[in-house]
Each structure stands twice: as structure tokens, then as C-alpha cells.
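These notes are about the structure you will find just below.
The values are calculated or read from the model by the stated rules, or taken from the named source; none is laboratory data. Just so it is clear, the model here is predicted, and its values are computed rather than measured. Neighbour counts are summed over all protein chains in view; Cβ atoms, including those assigned to glycine, are modelled from backbone coordinates with ideal geometry. Remember, those area values only see protein heavy atoms, side chains included, never the ligands or the DNA or RNA. Shrake-Rupley method; radii C 1.70, N 1.55, O 1.52, S 1.80 Å.
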Amino acid sequence: MATDLLPPRFRAWFAAKGWQPRAHQLALITKHAGRRSTLLIAPTGAGKTLAGFLPTLVELAERPKRNDVRPAGIHTLYVSPLKALAVDIERNLQKPIAEMGLPIRVETRTGDTPASKRDRQRRQPPDILLTTPEQVALMVSSKDAESYFDSLERVIFDELHSIAPSKRGDLLALDFARLRKLSPKLVATGLSATVRDPEELQAWLVGQRVLHQRPASFEASLRCAPQDEEDSASYNTPHPEVRAKGEPRRTHSADARHLADLVLAEKSIAAPPILQILDTAERLPWSGHTSKHAVGEIYALIKQHTLSLVFVNTRMQAELLFQLLWGINDDSLRIALHHGSLDVGQRRKVEAAMAAGGLDAIVCTATLDLGIDWGAVDLVINVGAPKGASRLLQRVGRANHRLDEPSKAVLVPSNRFEVLECRAAVDAAAAGEQDAEVMRKGSLDVLAQHVLGMACTAPFQADDLYAEITSAAPYAEIDRATFDAVLGFVATGGYALKSYERFAKIRRDAQGFWRAANPRIIQQYRMNVGTIVEATMLKVRFGRKGRGPMMGGRVIGEVEEYFAETMVHGDTFVFGGEVLRFEGIFEDSVLVSRAAPKTDPKVPSYAGGKFPLSTHLAVRVRGILADPSRWTALPPQVADWLRLQRDKSLLPGASDLLVETFPRAGRFHLVAYPFEGRLAHQTLGMLLTRRLERARMKPQGFVCNDYALSVWGLGDLSARAAQEPGFIDQLFDQDMLGDDLEEWLAESGLMKRTFRYCAVIAGLIERKFPGQEKRSRQVTMSTDLVYDVLRAHEPGHILLQAARADAATGLLDIGRLGIMLSRIRGRIVHKALGRVSPLAVPVLLEIGREAVHGEAADALLEEAAREMMADAMGTEGKR
């Protein structure tokens, strides 16, 4: 029998629970026994985590007793993308260990773990260590890494799809390559519930790169839609010129011919999720992201369920929504707040209360996105558009971790365009489609950090380290010349900086070994390890009255320094579920006191946490717009809006780009509808503005959202297009990504900002160093100076290369923009109008809205929307 793979006490434990071990759980035991690395893809609630740990639990339970007193060492390393997930896994893992009486010790090590506990873990390693990517980097760079990991047999990567396609994934892949060197017997298990392309994750697990056979023009993205986007069946298929459906791929190395094994749990074991879009009874806003209009309906949903997770996309939205819910909490529901800037103690209290059934709802960000098994959750409310089908399914999976019951989610769009995106996401999820990207080319700044880390561990030979890093999937294709350039940068700072001793991090001895330049460099590295670069954070503390100035008391979390600097004494802001009064800044802290709840508080804003609209959903949104038969699935007020657009102007075709030009308020507007996400639209708007300047159309500015962009100025664009029939097509020609882009980048501050992040990750500029921490202004001044020097004297410097790559794929989304420009060639539809169109109203409302604060913001937007719609209908002055 298959269950014979389990020892008797395991079989008895399953029987006592009334469970039968599932096929994929038993399959992992077999794979581990055969020393095979394996990727498990299983739906939420299918016992994926237990499957990952079963081989470890069985092996450790059956190991013979040791006669010596030396600790056995770490057997299994578990890597989680979230600290909260590692803590939750420990809680869930301790239960079967205790119930079966297994002689197994499990512990966590995260950024929240005290130094004393880490020291004890080094002396007395647990059998299973649960940790995060940043802690792995610290551990493999320690001087005792070789002895610490010499007993390591397994590493488990949970939610691998969320780690791999990022700089965190690059660093983890490099550290995983080091772990394979330290423990050649090591096998890996990857766990994931949402994977678009399993082969990419299988390759990541064994350290090789999967290459698509494709023309160079498609290097930027393999997830683009085909040229004929009206064929909905091809959404998940790469472009036909790239790879025919079902065609095998080739891997990078002829010596590494096998991917990790793949175990797929049967989809039929899980009930399909129930996904609904809130059809609000209120007037749906034209623009904005607060969902304030639906707070009453969200509250009603919370009342109807046992425990609801209310997801938002940013910490700012979390604070605002939490305050709005408390403002109407007449039933005294137990509503909590959870996001990454809250103090760890407060987050742990919320998690413990949730696990104990002591809450009715939690307003949260991505901190509770992944893997965490809160069995009592019976509803997920996603406020705002999910931005991707995979992200939606991930969040929905937090509800009902029971296979025989469907997960239930309600999507609450914040505005009318978000209704279309929510509809697209629900349809994609129902079709089982995924849009999460995985494989990427490894970043050079991350490689520089890793090179320094390896020098901090022990001296190394360049040839040996090069062989090791090319065994990591993101760096499998890096050539020796590039590696040597990275090595030279870590050693001297590069040609332009080699005269400055402070940039010399490593040195080579007479035997050719590279080592850290001095002990201080090692200490600096350990304080700055990681790839997450955030704005300088200030602690938020309650002030205590003393004889002198107010001093700091209890810490409740952190806010970004720039936000604190916008406030003056007496200002109020919401944080941690309270309205606080700003008393001042003292050293590294914002001192606060409690304020009256009826004041008009500010909401802290944070630089991170904004998700782009996925390419996959963009295709579906255009398909909905182009097909009136699908409008019946939309709320009536949205369907009526689209009908008005069809009557007054045009609707964009599934593969077309609609461009409208019209006069309004003494200016001339161009509005385009690419549906490619805010990042790509910002880049497009900047480049269009430059072209309009050269065409002497006197542009004055542009705005954009995830769906559209508007450029306005003093030149009559409709008249110019009538005089020059090809004028609009020329504006959107692909050559804008050549000299126009380079000239704009040279003039903008964006490249300096991108370079700043790369410089911090690479270790050129330390954010933290012994005895103090640099403020953001100090880091900015340092990196801006270095940037100017490198541009003038070493334009090929590896950090400039890294910054350009980051800008292209992140802040600018150049690859996606290039694919869009190629797609619309010959398919631009221009409509000259005498007034604003209904579809243009949301993006025009973005003009100037960042200057609006407080209670007046929604009223001003609604008033502006009414005026614009009256104009669009030709009824201005008649109401």
C-alpha cells in the first residue's frame, strides 16, 4: 500500500485525524528517498506544507539515536518570503510533532529574532530551521557556514513563485548555489500554489536556466500576448514565432539535462473558489483608490462572516480603510490592522488573535498574502483591483483552508476602470489562467553584494566563485568578462573610483585568494545585507513628558522620513489604527500623542507596494471593451458608461490603440488607451511630451493611470492630425525607444534614483554602518555625486548597467512598452472630438489630484467628474 511509506505512528496520527495521506504528500517521500529535487504544485488547502515537511519528519523520526553529545546540526532549512509565514509554519508544525511525540526541534530565525537566540542557534542548531532569504544570506556568509551546514540535507522553498522573479530571488539563488557547494548531498523542494510555467521553477531548483528559442526582439518579455489578441485561447501561449504550443524547451547547460521532478496535486481535490464583484448600490467613483463609497457594504460583509481578511494594495490604503471602518463600527466588531510598517509586537498580537478566533476582520496588505493557514477565515475581501489573476488566486486561497469547501472572495473596485480589471481577473481565475512571471536575468548589483559576502566568509579563488555563481539559474548565462568587472568593482569601486580607499572592499593576496579588506568591511556587509531598499524610516513613539523636552516612549511602528518632514507640530495623522498628534522629531523617532478622532488626519504614504496591471489582464480588459455582449456581466452604471462612450466616440478594439484629441478649458488634449499599466504609461507620456515639443505643439504636461494617459498643451492636435494624416502614427513610432529615451534618461532624475538603489544593494554606499545610520539625504548626496562621476568617466560601469536594467524592467517598463508599440503599428485609431469623451473622464481627473487632501478630496473629484460628463454629453449649462 502507498501508506506503507509512512511509519506506524504517522499512519496512526493520520487515522486519528480522520485523514488519508494524499498522493502528492506520499510522492514527496518517494522523491526524497531517491534524492530528487522536486517542485510541488498544489491548490491552497491541499496539505502542501505538510507534504513539504513529511519527508523530513519521517526521516528524523526514524534516525538512530546518537551516542555523542555534539548537536546533530540542521537537517532541513525552510525559506519563506514572509516573516509572518515562517512564524505561522512553526506554530502549525509543532502540533503534529507534539501529537506524535517526535524527537524533533523546530525554530525560526527572522529579522525579528533576538541576537541572543541566533547565537544559541549557532551553538545548538535545531533540526529544522525556518527562515527568510535575507537570513540565508547572513548565514552562508558567516565564518562558520561550512560547519553549520555540513549536515544539511534538504531545503524547502515555500511560495517559490513569489521569490524567484525578484532581486531577493537572485540573491537567494546565489546563496542556494553556495549551500549546494557546502552540502553536495542537498536536495531541494519547491512549494507553490500558483505557477504559470512550472519548467521555469523546476530549472531554478537545480540551478539552470530555461531558454526559449526566440528572436532577439522578444527578449524583453515572453508573456506578451500574440499579435492577434482576439484569440482568447492563446492568452497563456508565447508568441507563435517564439515556441509552438507543446514544443520542448532547451536548457542552458548540456551537462545539466534534467529539471527537478514535478509533482502536481489533482485539481479535482479542491472545490473551485467563489469569486464575486461587488455591485455597489452607491454611485461608483470615476477615479481614486480609496473605495470610500463602499465602506458600508464592506462592513456589512464582515458582519455576515466569521473572519474576513480585507486586502488592500498599499499601507496607505490599509490605514485609511481601517479608520473608515472604525468610524462606522456601531456593532463593536473586532477589527485589526496588519502591515509591514507596524511594530513586530503589534503584528504578532494580531496574528495570535486571529489564530485564536479573537477577531472579526483584519485589514491587511501583502504581509498576509502568502501561505498562512488561518483556518477560521471564511471570506476574503479584495479592495481595489488585484492587478493580476495569480495574485487574486493567492489571496482568495487565504479563505477556507479546507478542500471540500470553496474559498470565497468579494472584489470591491475603487473606480469604474477597476470594475473592468476585476471582471478580467475573475474570468481569468475561473479559466485557471496564471500570469505570475518567474525567470529573470540576475542583477549585477546583487551579484556584487554576494561576491563581498563570500569574501567575508572565507578567502576564495575567482575561478571557483565564477563556477559557483553560474550554477545559480539567474546567472547561468553570465560571461566571465562581466563577472570579472563585478569582481573589480567590489575590489576597487571601478576604474573611476579606484583612487578612493573607501571603495576597496576586498583585496587579493599573493596566492591569488580574494578576502575582505578588513574586519570593519565584514561588519558593514552584515549590517547592510539584503535587496530591499526602502526610504529612511523613523520610529513612531508615544512621547513621555519629562523635566526637559518630550522624550520617546513605546514604539508602535515606522513611517518614512520624508512623510514626517511634511508635518508640523500639532498636525494629526492615522497610524496603527489610531489618530495621532505630531509632537516633533527626536533623533530617529517621530514623537506622538493621541489625538481626538474627529480631526482631519493625514494618511502616511509609502514609496513601495504599488503593483502594475499585468499584461495578461490588460489583454482581457481590452477584450471586454471591444465586445458589447460581455457588458451584461458588468454593473449597470459601468455598462451605461461604455455605451455612452460608444455613442459619443469609439471604443478601442482588442488589438487597437484608441487615440482621442479634443479641446477643453483652453487647452488641447490627447488621450490614449493602451491598458499597459502606470509604469509603461508614465514612460510613454514622457516620450510623447518630448515629441510634441519637437513638433512645436507646446505640450504643458501629462497624467496617467493603469489604463490610459493624457497629454495636454496649447497646440491644436486635431487640426495638426487633419493637416498631416500620419502625424498621430509618427507620435507612437517605435523609434521613440531609441534616442528619445536616452536623451530623456540623461536629463531626468529617475536614473539617479535607480542608481541610488543599486549602489546601496551593491555595497558602494552603506545605509547602515557601525555606530550610526545614514539619513536619506546623506545617501542621496553621496550616490548622486558618484553617479555624475561615473557617467562622465566610466559610462560602462557595472552599476550604471544595473541601473539601466532596473529602469528598463521596473520603473520604466520599457520591455512592455516596446511590445505595445510593436502591437499597435498600423492599428492606431484616431478620433477627433469636439469635447471630452466619457472614457477620458477618469484619467483627466488625475490632473492636479495629488494636491488635494483631506475630506474635500472626494467631493472635489465628484464635482469635477459631473462637470466633465456634462461636457461629454453636451449638456453643460443645462443642469
**OP:** Among the residues of the stretch 5-28, count how many are closer than 21 Å to ARG105 by Cβ and either of a type in the set (Gly, Ala, Ser) or open to solvent by 10 Å² or more (accessible area, probe 1.4 Å) (or both).
**Re:** 3
**OP:** Tell me, yes or no, whether the stretch 45-62 has at least one residue that is at pLDDT below 80, of a type in the set (A, V, I, L, M) and either part of a loop (DSSP other than H, G, I, E, B) or under 18 Å from ALA260 (Cβ atoms) (or both).
**Re:** yes
Original post:
Do we find a residue being within 30 Å of PRO795 (Cβ to Cβ), touching a strand residue (DSSP E or B) at 6+ places or on another chain (Cβ under 7 Å) and open to solvent by 10 Å² or more (accessible area, probe 1.4 Å) anywhere in the stretch 711-729?
Top reply: no
Subject >> Residue in the stretch 493-513 that is nearest to PHE460 (Cα to Cα), counting only those that are open to solvent by 30 Å² or more (accessible area, probe 1.4 Å) and not basic (Lys, Arg) >> reply: PHE513
Original post:
Somewhere in the stretch 292-315, is a residue open to solvent by 40 Å² or more (accessible area, probe 1.4 Å), closer than 30 Å to ARG866 by Cβ, modelled with pLDDT of 90 or more and in a loop (DSSP other than H, G, I, E, B)?
Top reply: no
Original post:
When only residues in the stretch 122-144 that are over 30 Å from the mean Cα position of the chain (by Cα) and buried (at least 19 other Cβ atoms within 10 Å of the Cβ) count, which is farthest from LYS48 (Cα to Cα)?
Top reply: PRO125
Original post:
If SER443 satisfies every condition in (1) without any contact (Cβ under 8 Å) to a residue 12 or more places away in the chain; (2) in contact with an Asp or Glu (Cβ under 9 Å, 6 or more places away or on another chain) but one, which is the exception?
Top reply: (1)
Original post:
Quick check, is ASP112 open to solvent by 40 Å² or more (accessible area, probe 1.4 Å), more than 23 Å from TYR475 (Cα to Cα) and not in a loop (DSSP other than H, G, I, E, B)?
Top reply: no
**OP:** Evaluate the following for ARG36: is it open to solvent by 20 Å² or more (accessible area, probe 1.4 Å) and assigned to a helix (DSSP H, G or I)?
**Re:** no
Original post:
Before we move on, is VAL540 surrounded by 20 or more Cβ atoms within 10 Å (Cβ to Cβ) and within 30 Å of SER593 (Cα to Cα)?
Top reply: yes
Subject >> Conditions (1) surrounded by 15 or more Cβ atoms within 10 Å (Cβ to Cβ); (2) within 25 Å of PHE417 (Cβ to Cβ): number failed by ALA336 >> reply: (2)
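Rundown of residues vs (1) of a type in the set (Phe, Trp, Tyr); (2) modelled with pLDDT under 85; (3) open to solvent by 40 Å² or more (accessible area, probe 1.4 Å); (4) closer than 20 Å to VAL410 by Cβ, yes/no style:
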residue: ILE328; (1), (2), (3), (4): no, no, yes, yes
residue: VAL350; (1), (2), (3), (4): no, no, no, no
residue: PRO386; (1), (2), (3), (4): no, yes, no, yes
residue: ARG398; (1), (2), (3), (4): no, yes, no, yes
Original post:
Which of the residues spanning the stretch 712-757 are at pLDDT 80 or above and among the small types (Gly, Ala, Ser)?
Top reply: GLY713, GLY715, SER718, ALA719, ALA721, ALA722, GLY726, GLY738
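One line per residue, one yes/no per condition, for (1) under 22 Å from ASP640 (Cβ atoms); (2) open to solvent by 60 Å² or more (accessible area, probe 1.4 Å); (3) at pLDDT below 80:
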| residue | (1), (2), (3) |
| --- | --- |
| HIS830 | no, yes, no |
| ARG835 | yes, yes, no |
| VAL841 | yes, no, no |
| GLY848 | no, no, yes |
| ALA859 | no, yes, yes |
| ALA865 | yes, no, yes |
| LYS878 | yes, yes, yes |
Original post:
Which residue, of LEU393, LEU403, is assigned to a loop (DSSP other than H, G, I, E, B), open to solvent by 10 Å² or more (accessible area, probe 1.4 Å) and either within 30 Å of ARG22 (Cβ to Cβ) or modelled with pLDDT under 90 (or both)?
Top reply: LEU403
Original post:
Applying the selection to the stretch 441-481, what residues are crowded, with 19+ Cβ neighbours inside 10 Å and charged (D, E, K, R)?
Top reply: ASP445, GLU468
Original post:
From the set of residues in the stretch 663-710 that are under 23 Å from VAL619 (Cα atoms) and charged (D, E, K, R), which is surrounded by the fewest Cβ atoms within 10 Å (Cβ to Cβ)?
Top reply: ARG678
**OP:** Within the stretch 429-450, identify whether any single residue is part of a helix (DSSP H, G or I), farther than 16 Å from LEU174 by Cα and not acidic (Asp, Glu), and answer yes or no.
**Re:** yes
Subject >> Which numbered condition ALA42 misses (of (1) at pLDDT below 90; (2) out of contact with any Lys or Arg (no Cβ under 6 Å at 6 or more places or on another chain); (3) crowded, with 21+ Cβ neighbours inside 10 Å) >> reply: (2)
**OP:** Could you tell me which of the residues ALA665, ALA680, ALA672 is among the small types (Gly, Ala, Ser) and at pLDDT 90 or above?
**Re:** ALA672
